[in-house]
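Read the structure below first, then the notes.
The values are calculated or read from the model by the stated rules, or taken from the named source; none is laboratory data. Keep in mind it's a predicted model, so treat the numbers as computed, not measured. For neighbour counting, all protein chains shown are included, and Cβ atoms are generated from backbone atoms with ideal geometry for every residue, glycine included.
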Amino acid sequence: MTKHMMTLIAGIIFGIGLILSGMTNPSKVIGFLDITGNWDPSLAFVMVGAILVGFFGFRKAEQTNTTLFCEPIHLPGKTHISKELIIGSLLFGAGWALAGFCPGPAIVALGAGYQEAITFVIAMLLGMLIHDNLYETLKK
Amino acid sequence: MENFTPIQSLVGGLLIGLSASILILSSGKIAGISGIVAGLMQFKNTSKEHYIWRILFITGLVISSYLYSLLMPLPATEISASYSTLMIAGLLVGFGTRMGSGCTSGHGICGLSRLSLRSLIATMSFMLSGFIVTYVLVHVI
């Protein structure tokens with residue numbers, strides 16, 4: 001199997017995992033974030049399952065440092081806890097709770113044809129462009 | 001707790017972890033959706049390789065619900081936010097994930113799988129603001 005084929009399959013498996021887990025249902029996400037209400041802790045199990053497998057996948061990646069196709073693996077090396085890391089994540093969490101969508105599930109729901117997801121994704125792309133172009137330029 | 005689905009969520013999570021492992025071990029890339037998407041809108045100093053894997057992975061996400069529906073009925077997607085709320089939320093998610101260098105997948109799954117302290121702080125931050133905003137929306141307003 002080629003590298004490109006595996007990337008496409010990884011995307012499909014990721015999407016199917018998101019759908020099965022309940023992450024693509026905004027009301028389920030909001031039920032998970034509503035810890036003081038009628039809390040639905042299901043989505044905590046998504047993280048448990050993903051890390052259970054991911055731990056071994058990434059450990060293997062760190063040990064070998066090369067892919068199955070003998071190319072170098074680029075693992076993020078940043079360790080600095082910056083102000084941007086925290087503020088950006090706080091902003092992201094607020095948006096996640098407002099809509100019930102984070103980036104992956106929104107793209108899956110867009111693929112399923114939901115108008116709301118299309119609207120969300122367009123705004124998300126705009127938010128990314130504003131950060132990467134306007135904000136980063138103004139900061140300099 | 002009438003909607004509690006620990007088994008489906010756990011199995012879904014295992015698949016997500018499997019996907020992230022396949023991607024890192026075959027392409028050497030991190031399955032962080034916000035970073036993959038933002039990379040498609042970068043036009044400086046980029047090679048063909050920069051785009052190909054991103055397009056393929058996103059294509060997989062886009063067609064996944066169709067493929068899922070061939071295997072079993074799709075679960076509900078209940079969206080209660082108005083279009084104006086969705087736009088504000090999208091802007092916050094887009095801007096915030098870029099500023100914080102990742103989202104639920106990049107930090108919450110890949111980063112935590114690598115036991116990264118940076119990703120743990122990011123995950124705690126977006127969970128915290130998610131809890132607070134939900135509390136305000138559901139119980140205060």
Does B:LEU56 qualify as being farther than 19 Å from B:SER105 by Cβ and within 17 Å of the chain's Cα centre (by Cα)? no
Residues of the stretch B:115-141 being closer than 15 Å to B:GLY96 by Cβ, within 7 Å of chain A (Cβ to nearest Cβ) and among the aliphatic types (A, V, I, L, M), in sequence order, are B:ILE121, B:ALA122, B:MET127, B:LEU128, B:VAL133
Please determine whether any residue of the stretch A:109-124 is loosely packed, with under 15 Cβ neighbours inside 10 Å and touching a strand residue (DSSP E or B) at 6+ places or on another chain (Cβ under 7 Å). no
Within the stretch B:84-107, can one find any residue that is over 24 Å from A:VAL53 (Cα atoms), over 18 Å from the mean Cα position of the chain (by Cα) and free of Cβ contacts under 8 Å to residues at least 60 places away in the same chain? yes
Taking A:ALA123 as the residue in question, decide whether it is part of a helix (DSSP H, G or I), of a type in the set (Gly, Ala, Ser) and under 16 Å from B:SER105 (Cβ atoms). no
Among the residues of the stretch B:113-122, how many are out of contact with any Phe, Trp or Tyr (no Cβ under 9 Å at 6 or more places or on another chain) and surrounded by fewer than 24 Cβ atoms within 10 Å (Cβ to Cβ)? 5
Check B:ILE141 against each of (1) in contact with a Cys (Cβ under 7 Å, 6 or more places away or on another chain); (2) among the β-branched types (Val, Ile, Thr); (3) at pLDDT below 95 and name the one condition it does not meet. (1)
Taking the stretch A:125-140 as the region of interest, how many residues are surrounded by fewer than 24 Cβ atoms within 10 Å (Cβ to Cβ) and at the interface with another protein chain (Cβ under 7 Å from one of its Cβ atoms)? 6
